[in-house]
1. Figure the gain on full extension for Ala20 and Arg2 (residue separation times 0.36 nm, minus the Cα-Cα span) and round it to one decimal in nm.
2. If the viscosity is 0.890 mPa s and the temperature 25 °C, what Stokes-Einstein diffusion coefficient in µm²/s follows for the range 1-110 when Rh is the Kirkwood radius over Cα pairs?
3. Can you sort Thr178, Thr207 by how many other beta carbons sit within 10 Å, fewest first?
4. Would any residue of the range 43-83 have its amide N under 17 Å from a label point 7 Å out along Cα→Cβ of Asn105? List them or say none.
5. Taking the Cβ-Cβ separation of Arg146 and Leu83 as r and a Förster radius of 35 Å, what is the calculated FRET efficiency to the nearest 0.05?
6. Sorted from fewest to most neighbouring beta carbons within 10 Å, what does the list Glu191, Glu296 look like?
7. Roughly what would the spin-label model give for Leu62 and Arg291, points 7 Å off Cα along C-beta, in nm?
8. Most exposed first by the Cβ proxy, i.e. fewest other Cβ within 10 Å, how do His193, His161, His208 rank?
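Read-outs: derived from the displayed coordinates by stated rules, not from any lab. Quick caveat: nothing in here was measured; it's all calculated off a predicted structure. Cβ placement follows ideal geometry from the backbone for every residue including glycine, while neighbour counts extend to all protein chains displayed.
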Amino acid sequence: MRPFRYERATDPAGAVALLARSPQAAYLGGGTNLVDLMKLDVARPDLLVDVRGVTSRAIEELPDGGVRIGAGVSNSDLAADPLIRRRYPVVAQAVLAGASTQLRNLATVGGNLLQRTRCVYFQDVSTACNKREPGSGCSAIEGHNRDLAILGTSPDCIATHPSDLAVALAAMDATVQTVGPDGSRAIPLTELHRLPGSEPQHDNVLTHGELITAVDLPPLPFAARSYYRKIRDRASYAFALVSVAAAIDLADGQVRDVRIALGGVAHKPWRATRAEDLLRGGPATEERLRRAAEAELADAQPQSDNAFKIPLARNAIVRTVLDLTGTAR
Ligand code: SF4
């Protein structure tokens, strides 16, 4: 690991000021992803600004009936919180589907959202990778790409975003609160992460020094009927091949509202708005669900080894929503 300086911030403004000291500086939360990448020589910060005492560790109700999750809340505390488990079970399920107990104890909500792709070439500094070294090429396109993206890819990068939590939050219409050199702002979760385009080195829209302080969940009564399904090569401690976060509001057998987001298929959590639009206003039958899922995946562009993700994602959408309606066979 390369040498680096370490500073401990005491409040958000101080953290932002400390980070501004170097363009290579990085915030340190739980460190579960960043420190690994430093050991691999993928991340090379010259200054770590420890924000563990800065960002809130509270989960609290908002006046509008929503819930605010402090960015410093550990993944374990988030998954165990009674309010989250009752009102947004999909969020607790997604967190518990990721990592190990030890990692969840350390990892924070803010860090979870900003973890980097697990593309094997990104983590191997001896290979070409546009995300790690812009302009060097993408080893995955002609290489091992079974785990990688089928939606929203570019000729420069086909990586996936690894966070389970982000998929659940995308389905719930969460908003990310930040503070940075230009003040504070609120970013819809679905707009936090980017598609790769020609600049895959940028995972998200945050500017240098911008710190996630909280995540807000809006009041969404039907979220109490929500579910996270994760399909992976082994039952634990593995990233999603495909995952689905879904919630549905049924009235007289008709879909009044529905939320669907996919993980493991794109450079960002993939909100399935096309499928949602097709489902609203009609019955949640298997046939309608299948048509909606097929429409959502119509633009999928598989790589040499991952065409299986298209039927996997389609079937996962259908099964997950049918499970929520109680009509799965
Ligand atoms: Fe790098 Fe993206 Fe290509 Fe993986 S898919 S090698 S992260 S550019």
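1. On the way: separation 18, 0.36 × 18 = 6.48 nm, distance 2.03 nm.
Working it through step by step, the gained length comes to 4.5 nm.
2. Values: Rh = 15.1 Å.
Diffusion coefficient, whole number: 162 µm²/s.
3. On the way: Thr178 24, Thr207 11.
Listing Thr178, Thr207 from fewest to most nearby Cβ atoms yields Thr207, Thr178.
4. Label zone hits: 73-81.
5. Working: r = 38 Å, r/R0 = 1.09.
It comes out at approximately 0.35.
6. Numbers: Glu191 13, Glu296 25.
Ascending Cβ contact count within 10 Å gives the list Glu191, Glu296.
7. 3.6
8. Working: His193 23, His161 28, His208 13.
The most exposed by this proxy come first: His208, His193, His161.
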